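Peer 1: Quick one: the structure is below, and I'll ask about it shortly.
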Amino acid sequence: MATQTLPERRSVSATIPSAVDVRLLGVRKTYGDVVAVDRVDLEVEAGEFFTLLGPSGSGKTTTLRLIAGFERPDEGRVELSGVDVTSRAPYERDVNTVFQDYALFPHMTVADNVAYGLRVKNVPRAERRQRVHEILRVIRLPDVGDRKPIQLSGGQRQRIALARALVNAPKVLLLDEPLGALDLKLRQEMQTELKRIQREVSEVGITFVYVTHDQEEALTMSDRLAVFNEGRIEQIGTPADVYEHPATEFVAGFVGVSNVLERDGRRFTVRPEKIQMHLDGTGAGEPGRIRDVVYVGMFTRYVVELDSGGELTVVKQNLETSSTDALESRGRPVRLEWRPEHTFDMERPGGQA
Amino acid sequence: MASQAYEAGRRTSSTARRRLSAALWRRPWLRALGLLVPPLGWMVIFYLAALAVLFVSAFWSIDSFTGKLTHAWTWANFHTLVSDPTYRQIAFRTIWMAAAVTATDAVIALPFAYFMARIASPRLRTTLFVLVLLPLWSSYLARIYAWRLILNHDGALNWSLAKIGLPQQGWAFTSVAMWIVFSYIWLPFMILPVYAALERIPDSYFEASRDLGARGWTTFRRVVVPLALPGIVAGSIFTFSLTLGDYITPSLVGNVDFIGNVIYRNVLGLTNNLPFAAAYATVPLVVMALYLAVAKRLGAFEAL
């Protein structure tokens, strides 16, 4: 459907399935004394949904801005489809950005906003109208073209910002925390919606590079993700990889709950849902005592202090327990058991595991 | 005893105060009224009442023999200023000058304000602010006389032109001189609102425009100018109305009459025809009313 309006790009992504759309080589960016991005290497494959995940100030947004061309790196190279674009201006790069604050021009109608990129590239009027119409249909807001951005809701503005970028059929679409300003319910709706739109435009092979600090968002949406911390990439992998095999303590803590134990000189992590808790306090497993209970509705989170040192968070589904049962278990002795294959060794900060 | 009475008195006064504040809290309109009456009263008495007197006296006339005010209702003053080509010409000349000065200031202020708001470092921005505002702290008359010294036949301008071997200029006491001086004097009133409008544009608009393929000039034309327009219109209200009402600049650096000069002469000069001065004074008022109506439609009042 979208192929009618978006120019053919299938050849690139289809014939060379492992084509790299975005490549960063030793990219470094400083602001005065602050190192925002510290020698980052990154490869994003064509057609991929790739997420840059990290806390605020970790360098993920700067990395995105380096790809867009709003910033120039102090060192290193930025390549798009194998071409060095390090010193090219944003308007000379085949990428488009969805801004966190949407940045819709308030003095233009929605249709003029969406058509802006085509207009400055002198696309004929008839084609412009056709493509704007088509993309508004893809984002399921076909009738808002005559309105001003201020007359739209937050979620609608978000989609228009997406349409304004997508209508240009860029090779790479950059999204800077696009759902950050929406409330939880709308955010979840838009996550599904974004994935649908990505599937719909993936026929023409648009690569999505997505910035977020929300680990759940990153896990549910990405094909692959890179976890950022203090300007460096801690780990790159698929969501399952990163969640189940966190490479560093930081990743273990940031993506999910930090459940790190040290036993016999070995530092490892085990995910809370992989731990069995025996409430009678007898049998196999490590003995401990429930220190804290958090009732979350669908499940209950227990923080267990282990007798031989350390603390683990355990998550149990509320199959039969009610909130009062769960809360009364505070202070009770328990035993925790987990399978060795569910533990993963940590790299020590600054050293090897 | 005394201290008891004092305590009781204090209690009643604090109760009274509490009751008053509670009453004000329950009736917000009472609070608003208390805040608005003094300035509104001032406006009504000294401004609107004076305007009303002006409008009424415009329909009076002067007895040509005795020079005494006749309180009889007549359209004669308005008839004169419409039918007499001299007064028509003066009115058009004034409006034309106001428009030319406004356009000039807009053209100068836009790039200047853009530089101040988007390019200059905070330090440089402060310096430029001071430079823009500095002339406003000195006397208006002093600045006009300074321009007289610059534009005179043997003034600073011709002296400099002679030094670099360029032909002499005869701008002194011409419309060109008035245009230059007016544009100079009212420029700060254009720069400040344009600056305010440009300063409010988020960086992401500029980035979005570049991201979508627009070069600098296209971004300027399609994003910066439209978003600065309310500021330009707001500034033009000042430059236009101030030029429209001024009579000092024309009399000091010009050679022709403006509306203000005619009014001045009819109020204080030999003619001493107050009703005609009042009638003529309604011309800039009407022009400004029309101008403000257009400005309002362009969103100028949100940029002030």
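The values are calculated or read from the model by the stated rules, or taken from the named source; none is laboratory data. Owing to the predicted nature of the structure, the values given are computational and were not obtained by experimental measurement. Positions of Cβ are generated from backbone atoms using ideal geometry, with glycine treated the same way; all protein chains shown enter the neighbour counts.
Peer 1: Can you confirm whether region A:19-34 contains a residue that is in contact (Cβ under 8 Å) with a residue 40 or more places away in the chain, within 13 Å of another protein chain (Cβ to nearest Cβ) and polar (S, T, N, Q)?
Peer 2: No, because not a single residue in region A:19-34 is in contact (Cβ under 8 Å) with a residue 40 or more places away in the chain, within 13 Å of another protein chain (Cβ to nearest Cβ) and polar (S, T, N, Q).
Residue by residue, here is whether (1) touching a residue at least 24 places away in the same chain (Cβ under 8 Å); (2) over 30 Å from A:D101 (Cβ atoms) holds:
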| residue | (1), (2) |
| --- | --- |
| B:S183 | yes, yes |
| B:A196 | yes, no |
| B:R215 | no, no |
| B:Y264 | no, yes |
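Peer 1: Looking at (1) modelled with pLDDT of 90 or more; (2) surrounded by 17 or more Cβ atoms within 10 Å (Cβ to Cβ); (3) within 15 Å of the chain's Cα centre (by Cα); (4) among the small types (G, A, S), which is the only condition B:A289 fails?
Peer 2: Unmet condition: (2).
Peer 1: For region A:219-246, how many residues are touching a helix residue (DSSP H, G or I) at 6+ places or on another chain (Cβ under 7 Å) and not charged (D, E, K, R)?
Peer 2: Looking only at that region, the number is 13.
Peer 1: I would also like to ask the following. Do the conditions hold for A:D101, that is, is it more than 20 Å from A:R224 (Cβ to Cβ) and either within 14 Å of chain B (Cβ to nearest Cβ) or within 21 Å of the chain's Cα centre (by Cα) (or both)?
Peer 2: Yes.
Peer 1: Also: When you go through A:T220, A:T207, A:T109 one by one, which is the residue that is closer than 24 Å to A:I67 by Cβ, surrounded by fewer than 18 Cβ atoms within 10 Å (Cβ to Cβ) and either hydroxyl-bearing (S, T, Y) or in contact with a Ser or Thr (Cβ under 7 Å, 6 or more places away or on another chain) (or both)?
Peer 2: A:T220
Peer 1: Quick one: would you say B:L157 is in the same structural domain as B:F238 (by TED's automatic domain parsing), over 30 Å from B:A279 (Cα atoms) and not small (G, A, S)?
Peer 2: Judged against the criteria, B:L157 is a match.
Peer 1: If you check A:A161 against the conditions, is it surrounded by 24 or more Cβ atoms within 10 Å (Cβ to Cβ), touching a Phe, Trp or Tyr at 6+ places or on another chain (Cβ under 6 Å) and within 14 Å of chain B (Cβ to nearest Cβ)?
Peer 2: Here the answer is yes, as A:A161 does meet what is asked.
Peer 1: If A:I197 satisfies every condition in (1) under 16 Å from A:L52 (Cβ atoms); (2) buried (at least 22 other Cβ atoms within 10 Å of the Cβ) but one, which is the exception?
Peer 2: Just one mismatch for A:I197, condition (1).
Peer 1: Taking only region A:233-279 into account, find how many residues are of a type in the set (G, A, S) and closer than 30 Å to A:L25 by Cβ.
Peer 2: Going through region A:233-279 one residue at a time, the tally reaches 5.
Peer 1: Among all residue pairs at least 6 apart or on different chains, which show Cβ distances below 6 Å where the first residue, located in region A:85-97, is more than 7 Å from chain B (Cβ to nearest Cβ) and at positive phi and the second is among the hydrophobic types (A, V, I, L, M, F, W, C) and crowded, with 22+ Cβ neighbours inside 10 Å?
Peer 2: Partner pairs satisfying both residue conditions: none exist.
Peer 1: Can you tell me which of B:F173, B:F189 is away from chain A (no Cβ under 14 Å) and in a helix (DSSP H, G or I)?
Peer 2: Unique residue meeting the criteria: B:F189.
Peer 1: Further question on the same structure: For region A:286-304, state whether one or more residues are under 27 Å from the mean Cα position of the chain (by Cα), in a loop (DSSP other than H, G, I, E, B) and in contact (Cβ under 8 Å) with a residue 60 or more places away in the chain.
Peer 2: no
Peer 1: Looking only at region A:163-212, count every residue that is out of contact with any strand residue (DSSP E or B) (no Cβ under 7 Å at 6 or more places or on another chain) and closer than 23 Å to A:S153 by Cα and tell me the total.
Peer 2: Within region A:163-212, residues that are out of contact with any strand residue (DSSP E or B) (no Cβ under 7 Å at 6 or more places or on another chain) and closer than 23 Å to A:S153 by Cα number 22.
Peer 1: Can you pull out every residue in region B:199-240 that is within 19 Å of B:K296 (Cα to Cα) and among the aliphatic types (A, V, I, L, M)?
Peer 2: Once the filter is applied, which keeps residues that are within 19 Å of B:K296 (Cα to Cα) and among the aliphatic types (A, V, I, L, M), region B:199-240 yields B:V225, B:L227, B:A228, B:L229, B:I232, B:V233, B:A234, B:I237.
Peer 1: Now a separate question. For B:R143, which of the numbered conditions (1) charged (D, E, K, R); (2) part of a helix (DSSP H, G or I); (3) more than 22 Å from the chain's Cα centre (by Cα) fails to hold?
Peer 2: Condition (3) is where B:R143 drops out.
Peer 1: Does any residue of region A:119-132 turn out to be at pLDDT below 95, within 23 Å of A:D21 (Cα to Cα) and within 11 Å of chain B (Cβ to nearest Cβ)?
Peer 2: Yes, because at least one residue in region A:119-132 is at pLDDT below 95, within 23 Å of A:D21 (Cα to Cα) and within 11 Å of chain B (Cβ to nearest Cβ).
Peer 1: Might you check whether a residue that is over 19 Å from A:D214 (Cα atoms), of a type in the set (S, T, N, Q) and either part of a loop (DSSP other than H, G, I, E, B) or not assigned by TED's automatic domain parsing to the domain that holds A:V37 (or both) occurs anywhere in region A:231-249?
Peer 2: No: region A:231-249 contains no residue that is over 19 Å from A:D214 (Cα atoms), of a type in the set (S, T, N, Q) and either part of a loop (DSSP other than H, G, I, E, B) or not assigned by TED's automatic domain parsing to the domain that holds A:V37 (or both).
Peer 1: Sticking with this structure for a sec: Would you point out the residue of region B:71-117, among those that are surrounded by 12 or more Cβ atoms within 10 Å (Cβ to Cβ) and of a type in the set (S, T, N, Q), that is farthest from the chain's Cα centre (by Cα)?
Peer 2: B:T74
Peer 1: Next up: I'd like the full set of residues that are outside any helix (DSSP H, G or I) and either out of contact with any Lys or Arg (no Cβ under 6 Å at 6 or more places or on another chain) or of a type in the set (G, A, S) (or both), limited to region A:178-204.
Peer 2: Result: A:P178, A:G180, A:A181, A:L182, A:D183.
Peer 1: Now for a different question. In this structure, does A:V144 turn out to be within 12 Å of chain B (Cβ to nearest Cβ) and over 23 Å from the mean Cα position of the chain (by Cα)?
Peer 2: Here the answer is no, as A:V144 does not meet what is asked.
Peer 1: Next question. From A:L336, A:L327, A:L319, grab the single residue that is in a loop (DSSP other than H, G, I, E, B) and farther than 29 Å from A:T212 by Cβ.
Peer 2: Sole residue among the options that is in a loop (DSSP other than H, G, I, E, B) and farther than 29 Å from A:T212 by Cβ: A:L319.
Peer 1: With respect to B:L124, is the statement that it is more than 19 Å from the chain's Cα centre (by Cα) and on the phi < 0 side of the Ramachandran plot true?
Peer 2: Yes.
Peer 1: Something else about it: Would you please name the residue that is farthest from the other protein chains (Cβ to nearest Cβ), looking only at residues in region B:247-266 that are surrounded by fewer than 19 Cβ atoms within 10 Å (Cβ to Cβ) and not in a helix (DSSP H, G or I)?
Peer 2: By that ranking, first place goes to B:N255.
Peer 1: State which residue pairs qualify: first residue among the acidic types (D, E) and inside region A:258-284, second residue loosely packed, with under 14 Cβ neighbours inside 10 Å and assigned to a loop (DSSP other than H, G, I, E, B) in any location, beta carbons under 8 Å apart, and separation of 6 or more residues or different chains.
Peer 2: So the pair list comes out as A:E262/A:G309.
Peer 1: Next question. Looking only at region B:222-246, filter to residues that are surrounded by fewer than 21 Cβ atoms within 10 Å (Cβ to Cβ) and free of Cβ contacts under 8 Å to residues at least 40 places away in the same chain; which one of those is nearest to the other protein chains (Cβ to nearest Cβ)?
Peer 2: For region B:222-246, the residue satisfying everything is B:P226.
Peer 1: How many residues, within region B:196-217, are part of a helix (DSSP H, G or I), buried (at least 18 other Cβ atoms within 10 Å of the Cβ) and either of a type in the set (F, W, Y) or within 11 Å of chain A (Cβ to nearest Cβ) (or both)?
Peer 2: Looking only at that region, the number is 8.
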